[in-house]
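This report refers to the structure that appears directly beneath it.
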Amino acid sequence: MYLNGQQLTTDLHFQDHAESCIPVQVYYQNVHKDIGFIEIYTLYFIKVNNIFYNRNTHVFLSRPGY
């Protein structure tokens, strides 16, 4: 179970969200950039809404129930 606003950092977090269709919110330098479902994740990128976000420069938050 993930809390609303919980930061996602590991492959397991991203896998759980992708498989369970739990939305994620994407931030860059404390500015909201996107919200949606994880389509693909790799060691370096997370794909949300057909856009690849760098795992090292963006923050991903769990948004269950959104």
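The values are calculated or read from the model by the stated rules, or taken from the named source; none is laboratory data. Note that this is a predicted model, so its numbers are computed, not measured. Please note: Cβ atoms are built from the backbone with ideal geometry, for glycine as well, and neighbour counts cover all protein chains shown. Heads up: the accessible areas ignore ligands, DNA and RNA and are worked out on the full protein's heavy atoms, side chains in. Shrake-Rupley method; radii C 1.70, N 1.55, O 1.52, S 1.80 Å.
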Item to check | the chain, relative contact order in percent, only Cα pairs under 8 angstrom and at least six apart counted | outcome: 40
Checklist entry - Can you give the helix-only mean residue ellipticity at 222 nm for the chain, where every DSSP H stretch with n ≥ 4 adds -39500 (n - 2.57) and the sum goes over all residues, rounded to the nearest 500 deg cm²/dmol? => result -4500 deg cm²/dmol
Next on the checklist: Please report Rg (one decimal) and Dmax (integer) in Å for the Cα set of the chain.
Outcome noted: 10.3, 27
Checklist entry - In debye to the nearest 20, how big a dipole does the chain give about its Cα centre with +1 on each Lys and Arg Cβ and -1 on each Asp and Glu Cβ? => result 200
Checklist entry - Roughly how many percent of the accessible protein surface of the chain is carbon and sulfur, given a 1.4 Å probe and a whole-percent answer? => result 54
Checklist entry - Excluding Val26 itself, what net charge comes from residues whose Cβ is under 12 Å from its Cβ, given Lys and Arg +1 and Asp and Glu -1? => result +3
Next on the checklist: Taking the solvent-accessible surface of protein heavy atoms with a 1.4 Å probe, what is the per residue accessible area of the chain in Å²?
Outcome noted: 64
